[in-house]
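> This is the structure I want to talk about, given as structure tokens.
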Ligand code: SAH
Ligand code: TYD
């Protein structure tokens, strides 16, 4: 099978396969659904020309983003605070003119835009998953239930005018046709308008071997180099970046029209670090594959060690990321009794692929396991503080990726 880069159409060759994968957020509501579960082969590749890290085979978008999409961003208090702070920063930087207009794709349950809606700033969220879009509207966040692209951009301009700000957090890695998004951004933004993107950063993923960032909904893991190449085709460029530790390491990219704004010293430093990490070189990913295999073997030996002693092991956080770990490592209901998750939409379902039952936090409290695989490792501080009693009673976390260890 031959594949082409989704951005520049150059031939690309996957450097590894994580095997047969279900859709990461497709929790199954009954055993009857096991028969018809959808699988694809998870194969990442680096485009040798535009340097975009991407998954070569993906399900149709409607199979991933729909009226029972399981990810409600505001579940995390930490992320709510993070995006509240981002909104205040962006207002000061880019929303100083009269009657400013902010747009956001993947606006989800309104986690970010609620901070603009609150002070009556003109805003519009574009969100294809109907259930989360409805949750946003209930908070007073104006939301268009649609996939963003050229037509949506034209419709928004006709109804609301051009935008000062276009935000996409944890969303641009979900969208197959980035050229359509970039063309839409070009239509939507004012000449001086700014685009903000933030998502898990390729540099962190490679450095930490956090391979669980890779799954169909994360069909790209972005770097500055790749983003500049992709949006450069549509007249935009990165002029500033900021790194943060959320979701295991995210980059916030500030983009404007080419030549519109001076590029920052932070951008130059981050680009130099990309070179040093070899993010644009094939050999980096040969080593990455070896590290993924070592990581898998170590995790399974830790879980097997507990099971051999007759101990009870569960999962904590039915994250989308966990689908890659569980299915790549071969974790079954024989390894984990259940996975606890605080999201009501995920409770009383079965995890995709493995069919491990997903239960509510009360179940964890009533049946404390000896060890829990912390699939939501990116929320370690928040979760560890919440489960301090269990830890004091001897409960252990098994960290599934990065440094695979018992803590
Ligand atoms: N912005 C939030 C939510 C990210 S989840 C946060 O940072 O936490 C990604 C969101 O993108 C989902 O709600 C999904 O429905 C939405 N999405 C997927 N494809 C999209 C598209 N083409 N246009 C706009 N939103 C999209
Ligand atoms: P998250 O890591 O934010 O994203 P992804 O699904 O993209 O990998 O998911 C965190 C999951 O962990 C979410 O399903 C909610 C759950 N969770 C808990 O069960 N308890 C908690 O205290 C927190 C913070 C999250």
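The values are calculated or read from the model by the stated rules, or taken from the named source; none is laboratory data. The model shown is predicted, which means the values in this text are computed figures rather than measured ones. When we count neighbours, we look across all protein chains shown, and the Cβ atoms used for this are built from the backbone with ideal geometry, even at glycine.
> Restricted to the range 228-250, and to residues that are outside any strand (DSSP E or B) and touching a strand residue (DSSP E or B) at 6+ places or on another chain (Cβ under 8 Å), which residue is surrounded by the fewest Cβ atoms within 10 Å (Cβ to Cβ)?
235
> I'd like the full set of residues that are buried (at least 18 other Cβ atoms within 10 Å of the Cβ) and at pLDDT 95 or above, limited to the range 330-345.
Within the range 330-345, 331, 335, 336, 338, 339, 340, 341 qualify.
Here's the yes/no breakdown for (1) assigned to a loop (DSSP other than H, G, I, E, B); (2) assigned by TED's automatic domain parsing to the domain that holds residue 91; (3) more than 12 Å from ligand 1 (Cβ to nearest atom):
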{"residue": "128", "(1), (2), (3)": "yes, yes, no"}
{"residue": "137", "(1), (2), (3)": "no, yes, yes"}
{"residue": "152", "(1), (2), (3)": "no, yes, no"}
{"residue": "165", "(1), (2), (3)": "no, yes, yes"}
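> Show the residue pairs meeting these rules: Cβ distance below 7 Å; 6+ apart or different chains; first residue within the range 150-179 and more than 16 Å from ligand 2 (Cβ to nearest atom); second residue assigned to a helix (DSSP H, G or I) and at pLDDT below 95.
Matching pairs, first to second residue: 176/61.
> Tell me, which helices (runs of 4 or more DSSP H) wholly within the range 1-119 include 3 or more residues that are within 16 Å of ligand 2 (Cβ to nearest atom)?
Counting at least 3 such residues, we get 77-94.
> Check residue 320 against each of (1) crowded, with 19+ Cβ neighbours inside 10 Å; (2) at pLDDT 95 or above; (3) touching a strand residue (DSSP E or B) at 6+ places or on another chain (Cβ under 7 Å) and name the one condition it does not meet.
Looking at each condition in turn, residue 320 falls short on (2).
> Is one or more of the residues making up the range 305-322 in a loop (DSSP other than H, G, I, E, B), under 23 Å from residue 207 (Cα atoms) and not assigned by TED's automatic domain parsing to the domain that holds residue 179?
yes
> Sticking with this one: Starting from residues that are closer than 20 Å to residue 215 by Cβ and in contact with a strand residue (DSSP E or B) (Cβ under 8 Å, 6 or more places away or on another chain), keep the ones in the range 285-317 and report whichever is surrounded by the fewest Cβ atoms within 10 Å (Cβ to Cβ).
Here the answer is 285.
> Determine which single condition residue 64 fails, assuming it passes every other condition in (1) touching a helix residue (DSSP H, G or I) at 6+ places or on another chain (Cβ under 8 Å); (2) outside the structural domain of residue 233 (by TED's automatic domain parsing); (3) at pLDDT 95 or above; (4) surrounded by 15 or more Cβ atoms within 10 Å (Cβ to Cβ).
(3)
> Here is a further query. Filter the range 215-260 for residues that are without any contact (Cβ under 8 Å) to a residue 60 or more places away in the chain and farther than 21 Å from residue 280 by Cα and give the result.
Correct list: 234, 235, 245, 258, 259.
> Hey, another quick one. Tell me yes or no: at least one residue of the range 186-197 is assigned by TED's automatic domain parsing to the domain that holds residue 274, more than 16 Å from ligand 2 (Cβ to nearest atom) and over 20 Å from residue 238 (Cβ atoms).
Scanning the range 186-197 turns up no residue that is assigned by TED's automatic domain parsing to the domain that holds residue 274, more than 16 Å from ligand 2 (Cβ to nearest atom) and over 20 Å from residue 238 (Cβ atoms).
> Tell me which of these residue 55 doesn't satisfy, since it passes every other one: (1) touching a strand residue (DSSP E or B) at 6+ places or on another chain (Cβ under 7 Å); (2) farther than 18 Å from residue 212 by Cβ.
Going through the list (1) touching a strand residue (DSSP E or B) at 6+ places or on another chain (Cβ under 7 Å); (2) farther than 18 Å from residue 212 by Cβ, residue 55 breaks only (2).
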